[in-house]
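Every number here is computed from the coordinates shown, using simple stated rules; none is lab data. Just so you know, these numbers come straight off a predicted model, no measurement behind them. Using ideal geometry, Cβ is built from the backbone for each residue, glycine included, and neighbour counts are taken over all protein chains shown.
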Amino acid sequence: MIRAIRGATTVSDNDEQEIIAETERLLVEMVRQNDVRAEDVVSVLISMTDDLNATFPAKAMRHLDGWTYVPVMCMREINVPQALPKCIRVMMTVHTKRAQQDIQHVYLRDAIQLRPDLQLTKKSEI
């Protein structure tokens, strides 16, 4: 079965190293909480808000062992007034046996406010 795993995080500054580090942290946590293997990933979409442009967040995947062949695409988030600034969002599509309600979506840092309802089901505190 194919399922999507959502995730989001924020950064303090439009800084290449921070964007890559926080994106990697988010990806690692999404993988950990959902027992994802690289060969089970269909594709990964990563968006950033307009105030972030120092680097491609997909560079973070280069730090993950075995993820060389996983298709990834970066894009711009819709510029909605009052939206959470300096935000990186990930949509990871995977093959899994988990039921939809058993998928663990991951929200870190200030991005927790995007889906506080999903934080109640988290397996561990980050």
- Debye log10 I(q)/I(0) for the chain, one point scatterer per Cα, at q = 0.10, 0.17, 0.20 Å⁻¹: -0.28, -0.84, -1.16
- Task: Tell me the label-point distance for the pair residue 53, residue 75, using the 7 Å Cα-to-Cβ offset, in nm and rounded to one decimal.
- Result: 1.9
- Note on the structure: Only helices counted: for the chain, with every DSSP H run of 4 or more residues adding -39500 (n - 2.57) and the sum spread over all residues, [θ] at 222 nm is -5500 deg cm²/dmol
- Message: Taking each pair of distinct Cα atoms in segment 46-118 once, what is the resulting Kirkwood hydrodynamic radius in Å?
- Response: 14.3
- Task: Determine which residues of segment 36-53 fall in the zone a paramagnetic label at residue 4 would reach in this model, i.e. backbone nitrogen under 19 Å from the point 7 Å along Cα→Cβ.
- Result: 36, 40-49
- Take every DSSP beta bridge with both residues inside the chain and express the antiparallel ones as a percent of the total, to the nearest 5. 70
- All other residues with a Cβ under 12 Å from the Cβ of residue 5 taken together, and with Lys, Arg as +1 and Asp, Glu as -1, what is their net charge? +1
- Using a simple charge model, +1 on the beta-carbon of Lys and Arg, -1 on the beta-carbon of Asp and Glu, nothing else, what dipole does the chain show about its Cα centre, in debye to the nearest 20? 480
- Any chance you could run the full-extension gain for residue 100 through residue 83? It's 0.36 nm times the residue separation minus the Cα-Cα distance, nm to one decimal. 3.4 nm
